[in-house]
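Beneath this line is the structure, given in structure tokens, with notes to follow.
The values are calculated or read from the model by the stated rules, or taken from the named source; none is laboratory data. Predicted model only: the values in this text are computed from it and were never measured. Neighbour counts are summed over all protein chains in view; Cβ atoms, including those assigned to glycine, are modelled from backbone coordinates with ideal geometry.
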Amino acid sequence: MLRIFNATIKITAFLFFISPLIGIAQSNTALTLNSSAAAFNAEGKYDDALANINEAIQQNPGLAYLYITRARTYNLKKDRIRAIADFTEALRLEPQNLTALTGRGYAYFNEKLYDKSIGDNDKALQLDPKNLMALSNRAASYNNSGDKIKALEDLNTLVMLDAKNPVQWAKRGAVYVNIGEYQKAISDLSTALELNPKDISSLNNRGWAFARTGQYKRSVTDYKILISIQPQESRAYISMMPSLIRMGQFSEARAVYKDYQAKGLSSYITNDDWKFFIHYLRAATEHIPAGQYQEALRSLDQSLKEYGSEIKTANKSGYADVLALKGYLLEKLNRDGEALDAYNQATVINPDQPDVSEAVKRLVQKQGIAKQKDNTQPIIELISPRSARGLQIVKNESKIEIVGRAKDESGIKSIAVNGLQVDKVEEDGLFLTTIVLKEGQNSITVIATDKNDNAGTKTFQLNAILPSVAKTKEEPAIIPVDVNKPPVFHAILIASNEYQDPAIDDLQNPSRDAESLKQILQNNYTFNANNIQTVYNKTREEIMQAIIQKSNSLGENDNLLIFYAGHGIAEKDKFGDVDGYWVPVSAKKGMNSTYISSDDINKALKRSNSKHILVIADACFSGAFTRSISNDAPKEIQVQYTYPSRKIMASGNMEPVPDNSKFIYYLNKNLKENRVKYLTAKDLFNSFYKAIINNTETFPQYAAIKGVGDEGGEFVFIMR
């Protein structure tokens, strides 16, 4: 027994001394296999790498760096799930392993698990605040999850720590391009190109930024350099086109497009979001060089039609390009009024277009000269009642409301009906007055005087049978509605509550309020869910583009409701007039050019062919913006629906309104509780107006929007 015990002691002692040597041998084997795996990864032989690293892990399952190497191999094979599992095992073995944290954060990023990626990189930066990989990964995750401000904070640190690296400047420049900070983008991308003149990505992004700021020549130069470096870079050919077109270089644009086609290149214009652009290119490179302006205009109209009413996420500038070229063509065709409207809509989307701004100045000056020489008489039309042979008017009293419009390029100075001046004449010449009828034939003489003192006269004949002498009671004259073509209702719901500028307070309720209204419209009224567009926490450019696209795409059988909830402000100009503004989330406090003005909304709606447009605004100082139905509808509803309307319903006049809005509460409540099949916007407003002024300090407003085609009609909500 003693002999056995002594032998056991000797064996134990031997193992005690020899085990470190075995560990060293095992480590050397693991290191050798790990190095081989890394070499195979560098050669792209991932299966060979896995064979080596699997053997190493089988022999040494407790070494964290082996799992990290295998995770890297899986990352290279784009097998992110297994990569994440191996990084996780490495972190179980070594919880503070920086390489494993940043590696797993990168894998999470590629799987679009941005919150988890940010979490891993947060831990890595707690261990090493200057870790470039962690900062870069976290910035990318913030950027892709929509938090551009935090992304920029990390990129600022990266640029400071790694200022000689062009990649850091290029990354920050790309983010500035994405958020529309084009001048900052140009500065960063220029630095990146000084450090690496052949950086294709920076050339592409700077070319884009130059184009968006109206520096068209410099944009073209960048794209030409890019093509000289990489002739097969298809996006450069297409991205160069708008700048050439803006400079009027249609022949060169044609040559570039032909070169692109001859090389058999394929680019982003084959994507669904960009197919509209092909019609734009056809107009610019085929029809315009041949002098076929009408054909070009048809191609542009087709482009706008195919663009549709939804914002293309891949492209937020192409619509303005099409509008600018349309304005150019309309100007060539001497259709100056339409050209000015197209130019104005383009500048509403993007104010930084020097070619368009010059065109607007040119046309305004031309109009001013035309006004000085004006000797034409205003054109007068009667809107209600319609004048037609045999029209009989039956009223319960002898008074009738006359609605008409006088048109003249110089504007309308005054209107007189049967010798009496009309008190209220809108900016677009719309007028409304009441006259007393007599039995039998009635003459209505309208005299309109323009601002150059040219007078026009028109007389309308109406035959009236008054109730006191009528042999049989007749119904009012009603313009028929096509029952086989029911009206279509559309809505744009805009909510701004998450403001990018720290100087502007966030709001709690706008998105929630808009979503509540959405549910009521599609559940209780004839708004199809596909026709309701939500624009929540979007930039000024995105909001204006959404309104212009939608309003331009609608026809005479369509009705549009635009809802806005968010901050609003009002300011007096040098003449003492008050201008109202909506404040989008991209706004900079105190910079009016970043707000949405009432004039912007008017320009956006001016060319719409829709039957009715109703704007509902729940914002501070919203009042500054006011300066076919089936046969079972009551007759008065049919009449109100017949005439086009452009109305605004605002939660307040010239006073602030609270975030917790009583206006929205009563608006939604009364829409939801309504049991009348046909509800006019005016009746809806009247149903809760007193409740609001009795329970708040605000004074809601309901009025026509000036200068955009209101003819006294009403938007009608139809219950399902």
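Please specify each residue of the stretch 94-115 satisfying the condition of being of a type in the set (Lys, Arg) and either surrounded by fewer than 17 Cβ atoms within 10 Å (Cβ to Cβ) or out of contact with any helix residue (DSSP H, G or I) (no Cβ under 8 Å at 6 or more places or on another chain) (or both).
112
Within the group 604, 617, which residue is outside any loop (DSSP other than H, G, I, E, B), in contact with a Phe, Trp or Tyr (Cβ under 7 Å, 6 or more places away or on another chain), at pLDDT below 90 and not β-branched (Val, Ile, Thr)?
Values: 604 fails: in contact with a Phe, Trp or Tyr (Cβ under 7 Å, 6 or more places away or on another chain).
Criteria check complete, one pass: 617.
Search the stretch 494-508 for residues that are not assigned by TED's automatic domain parsing to the domain that holds residue 542 and pair each with any residue that is modelled with pLDDT of 90 or more and part of a loop (DSSP other than H, G, I, E, B) when their beta-carbon atoms are under 8 Å apart and the residues are at least 6 apart or on different chains.
Here the result reads none, with nothing in the stretch 494-508 linked to a residue that is modelled with pLDDT of 90 or more and part of a loop (DSSP other than H, G, I, E, B).
Just one of 194, 153 is closer than 25 Å to residue 502 by Cβ and acidic (Asp, Glu); which is it?
Exactly one residue qualifies, and that residue is 153.
Might you check whether a residue that is among the aliphatic types (A, V, I, L, M) and closer than 21 Å to residue 90 by Cα occurs anywhere in the stretch 116-124?
Yes, some residue in the stretch 116-124 is among the aliphatic types (A, V, I, L, M) and closer than 21 Å to residue 90 by Cα.
Of the conditions (1) under 15 Å from residue 245 (Cβ atoms); (2) at pLDDT 90 or above; (3) of a type outside the set (Gly, Ala, Ser), residue 269 clears all except one; give me its number.
Failing condition for residue 269: (2).
Do any strands (runs of 3 or more DSSP E) lying entirely in the stretch 498-594 carry at least 1 residues that are modelled with pLDDT of 90 or more, and which ones are they?
Correct list: 527-536, 558-565.
Within the stretch 429-465, can you find the residues that are assigned to a loop (DSSP other than H, G, I, E, B) and farther than 22 Å from residue 409 by Cα?
Result: 437, 438, 439, 465.
Counting only residues that are on the phi > 0 side of the Ramachandran plot and touching a Gly at 6+ places or on another chain (Cβ under 9 Å), how many does the stretch 103-138 have? It would help to see each step written out before you state the result.
Step one: filter the stretch 103-138 for residues on the phi > 0 side of the Ramachandran plot, giving 112.
This time we only want the ones that are touching a Gly at 6+ places or on another chain (Cβ under 9 Å), so: none.
Going through the stretch 103-138 one residue at a time, the tally reaches 0.
Does residue 130 count as more than 29 Å from the chain's Cα centre (by Cα) and either surrounded by fewer than 24 Cβ atoms within 10 Å (Cβ to Cβ) or not in a helix (DSSP H, G or I) (or both)?
yes
Considering only the stretch 683-700, how many residues are touching a helix residue (DSSP H, G or I) at 6+ places or on another chain (Cβ under 8 Å) and either modelled with pLDDT under 80 or not polar (S, T, N, Q) (or both)? Please lay out each step first, then the result.
Let us first name the residues in the stretch 683-700 that are touching a helix residue (DSSP H, G or I) at 6+ places or on another chain (Cβ under 8 Å), namely 684, 687-688, 691-692, 695-696, 698-700.
Add one more test, that the residue is either modelled with pLDDT under 80 or not polar (S, T, N, Q) (or both), and what stays is 684, 688, 691-692, 695-696, 698-700.
Of the residues in that region, 9 qualify.
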